Amino acid sequence: MGFYDFAGSTVVHLIGGAVGLVGTIMLGARHGRFDARGQAIEIPNFNLTLVTLGVFLLWFGWFGFNGGSVLAADGTVAVVILNTILGAAAGGVGAFLISIWQTRLISVGRTLNGVLGGLVAITASADLITPGAAILLGLGGGAVVYFGELLLLRFRVDDPVGAVSVHGMSGAFGTIFYVLLVPAELLPTGATLSQLGVQIAGVISAILWATLLAIVVFGLIKRFGTLRVPLEHEILGLNVAEHGVRMTWVDTINTIEKIVDQGNYSQRVEAEQGTEAGDVAASFNTLLDDLESKIGVLNRISQGDLSVAPPQPKSDHDLLSISIDQMVHNLRNLIGSVEEKNRQLKTLNESLEQRVSLRTEELAEKNRALEDLLEQVQATQNQLIESEKMAALGSLVAGVSHEINTPVGVAVTASSHLDQKLHELIARYEASTMKKSDLEKFISTAKESCQILQTNLARAAELIQSFKRVAVDQSVDQVQEIPVRRYIEETLLSLRPQFKSRPIEVALECPQDLSLTVQTGPFSQVLTNLIINALTHAFDETDRGQIAIKVTPKDSQIEMSFSDTGKGITQEHLGRIFEPFFTTKRGQGGTGLGLHILYNIITAQLNGTIEVESRVGQGTTFLITLPRA
């Protein structure tokens, strides 16, 4: 057929490259060569100096490889050697230039492989081509090697030394493309196109033969489990795993990994004398000695031993020693400061004991008087509740319940609050944790609570005397079924005096046949408190506005919406309106207990819920949900 391969670009190098490709694919990539996304991770050469020396030795050996293929001592040998030199040099220059073009860096490894690619490419026709053609063929071989390696990486084929691209791809390139650089009369077939076809057929035949044979051979090896070493041997290195060679670098890395895994800084590397790796290991051991010493200092500090001498910084960059020294200094200062504060607190507590004792006796006496007064008020209230059962007018019942319960509830709450604060102060005193600020805060609270008690109990006493003459008959604890609309209308009727000379309209929307089984007294107080609260806080005396009450049935519950078109509540106050003693009308008749009592009645006595929405200038809406039975 006239296939021409002067010194083995195909029969030697292409065959080897094809076999190497099959072996590489069946063997698989090295551990860590590709990340989870399939991107290649560069594994650097062990020693570029040795790699370069090896390439130049091959280059020199190629003179005999190509020159010896002439099989005669004539002038052709010189031409072959010259073309070999030019092809190798051009291959290296080609890979060098492409590396700079692609990465702006000089890739030494790929430049050296470019030299080998040029040698392989020139081998098929070193005796036929001219020196100029040898340069072109070498440049092409270098480019084929460079881009061939990238192509293999794209398909996740790991060729550690570039054998496939150097021998296989450059061999095929040189075998085929030399035809385009040689005069037709020098070709075995005497025609460029026919010779090109012969060369391509020869290359394909070689690839198929080598590939099939390699698949069989590597398949058998893999079947017996001897194709690839275990992963742990690959990570450790075969010189260590299979030959038992000791390497200080490996020992150092293993020690670092153990320290990271165990946190044990007492481990050391056995330093090999007379080697660079041994020197590194010795320096690493020195570093570990220093770290372990500082860790020992930190351990003693963590156990409360501040007498330990901190390590002396070696320089301004020794941040660990500087930090330990500053920490010891700051801890000593902090402990001294705490001890001084404890002495001051002990002195203050001793001086406060007598004052607390006197205040406790005074508060106990006032509390006893308050309890007596509350018992009297409760007895009077019970008497009024009994008399309410005989009353014919529901409006008077609601008025009595609201007017009496409000100041009494305020007094009880203030008393409970005062008692709670007294017990908290006693507990702090007995635990020796009381501060001056605690006593001052309690005195302020006691003063305010006493003022609230005085004002509301006086108000309650006056109301009691006034309402003793009124006969009413309704038990606030009695559970009965009521027509909701009529009950609300009667409650509104009883509160009509509150609306006197006030331009406030009340709109009621409620089904006529809606009924509710409930404690009538607490339910009446809920309505009364809501209306009084709106008149007090939502509208000024001369403000015109509207109060809307809407009741709707919902499954086994009723929803009652109570809305006003008044001032609204700021976001700052909205979350606090149900807190006891929170009011924006203190000193103007407001005690801060109305909505608190309302909340407790709805949630505790009536087993319902209450929510509130409000915007400044747009009014307020209370949404109350109660069980129907």
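The values are calculated or read from the model by the stated rules, or taken from the named source; none is laboratory data. All values reported here derive from a predicted model rather than from experimental measurement. Please note: Cβ atoms are built from the backbone with ideal geometry, for glycine as well, and neighbour counts cover all protein chains shown. Keep in mind that these areas ignore ligands, DNA and RNA; they rest on the heavy atoms of the full protein, side chains included. Shrake-Rupley method; radii C 1.70, N 1.55, O 1.52, S 1.80 Å.
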- Work out the length of the dipole vector of the chain about its Cα centre, built from +1 on the beta-carbon of each Lys and Arg and -1 on the beta-carbon of each Asp and Glu, and round it to the nearest 20 debye. 840 debye
- Using a 1.4 Å probe, what is the accessible area per residue for the chain, in Å²? 55 Å²
- Please work out the FRET efficiency for the pair Arg300 and Thr625, using the Cβ-Cβ distance as r and a Förster radius of 51 Å; give the result to the nearest 0.05. 0.20
- To the nearest Å, what is the center-to-center distance of segment 67-87 and segment 96-129, using C-alpha atoms only? 20 Å
- Message: Using each residue's phi in segment 29-37, evaluate 6.51 cos²θ - 1.76 cosθ + 1.60 at θ = phi - 60° and report the 3J(HN,Hα) Karplus result to the nearest Hz, with x for Gly and Pro.
- Response: 6, 5, 4, x, 6, 10, 8, 5, 8
- Message: Test of understanding: extend the Cα→C-beta vector of Leu287 to 7 Å, then name every residue of segment 310-326 with backbone N under 14 Å from that spot.
- Response: none
- Once phi is turned into θ = phi - 60°, what whole-Hz ³J(HN,Hα) does the Karplus curve with 6.51, -1.76 and 1.60 give for every residue of segment 594-606, x standing for Gly and Pro? x, 6, 5, 5, 4, 4, 5, 4, 5, 7, 8, 7, 9
- The set of residues whose placed amide H lies less than 5 Å from the amide H of Gln557, leaving out same-chain residues fewer than 5 positions away, is Arg628
- Message: Loop only by DSSP, 16 or fewer other Cβ within 10 Å of the Cβ. Give me the GluC sites (Glu not before Pro) in segment 528-588 that pass, ordered by residue number.
- Response: Glu541
- Per residue convex hull volume, Cα only, segment 58-112, in Å³ is 61 Å³
- Message: Quick check for me: using +1 on Lys/Arg Cβ and -1 on Asp/Glu Cβ, what's the dipole size of segment 499-564 about its Cα centre, in debye to the nearest 20?
- Response: 120 debye
- Note on the structure: Taking the alpha-carbon centre of each part, the distance from segment 438-456 to segment 560-584 in Å is 25 Å
- Item | Chain lengthening between Leu105 and Glu232 when straightened (0.36 nm per residue, less Cα-Cα) | 42.3 nm
- Residues whose placed amide H lies under 5 Å from that of Val506, excluding near-sequence neighbours: Ile547
- Provide the FRET efficiency to the nearest 0.05 for the Thr603-Arg268 pair, computing r from the beta carbons and using R0 = 56 Å. 0.20
- Which value in nm describes the separation of the simple spin-label points at Thr76 and Val250, placed 7 Å from the Cα toward the beta carbon? 5.1 nm
- On the formula 1/(1 + (r/R0)^6), with r taken between the Cβ atoms of Glu611 and Met26 and R0 of 60 Å, the FRET efficiency rounded to 0.05 is 0.25
- Note the angle between two axes, namely the Cα long axis of helix 520-533 and the longest principal axis of the Cα atoms of the chain, as a number of degrees from 0 to 90, rounded to the nearest 10. 80 degrees
- Task: Please name whichever of Leu606, Ser266, Val157 sits farthest to the positive end of the charge dipole of the chain, dipole taken about the Cα centre and charges placed at Cβ: Lys and Arg +1, Asp and Glu -1.
- Result: Leu606
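Computed over the Cα atoms, what is the radius of gyration of segment 116-225 divided by 2.2 N^0.38 Å, N being its residue count?
So the Cα radius of gyration is 1.22 times the expected 2.2 N^0.38 Å.
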- Under the Karplus relation 6.51 cos²θ - 1.76 cosθ + 1.60, θ = phi - 60°, what is the ordered set of whole-Hz ³J(HN,Hα) values for segment 114-131, x standing for Gly and Pro? x, 4, 5, x, x, 5, 5, 5, 7, 5, 6, 9, 4, 8, 9, 8, 7, x
- Put +1 on the Cβ of each Lys and Arg and -1 on the Cβ of each Asp and Glu in the chain; which of Leu352, Ile15, Leu626 then has its Cα farthest toward the positive end of the dipole? Leu626
- Task: Anything over 29 Å Cα to Cα? Flag those among Lys294/Lys341; Lys346/Lys421; Lys435/Lys585, in the order listed.
- Result: Lys294/Lys341; Lys435/Lys585
- Query: If one computes the Cα centroid of segment 298-376 and of segment 191-246, what distance in Å separates the two points?
  - Reply: 77 Å
- Task: Would you mind calculating the relative contact order of the chain from Cα pairs under 8 angstrom and at least 6 residues apart, reporting the percent as a whole number?
- Result: 9 percent
- Item | Charge context of Thr255, other residues only, Cβ under 12 angstrom, K/R +1, D/E -1 | -2
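Please compute the length gained on full extension between Ser416 and Ile204, using 0.36 nm multiplied by the number of residues separating them and subtracting their Cα-Cα distance.
Full extension from Ser416 to Ile204 adds 66.1 nm.
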- In terms of the charge dipole of the chain, which places +1 on Lys and Arg and -1 on Asp and Glu at the beta carbon, the residue among Leu373, Leu231, Leu53 farthest towards the positive end is Leu373
- Would you calculate, for the chain, the mean residue ellipticity at 222 nm contributed by helices, counting each DSSP H stretch of 4 or more residues as -39,500 (n - 2.57) and dividing by all residues, to the nearest 500? -20500 deg cm²/dmol
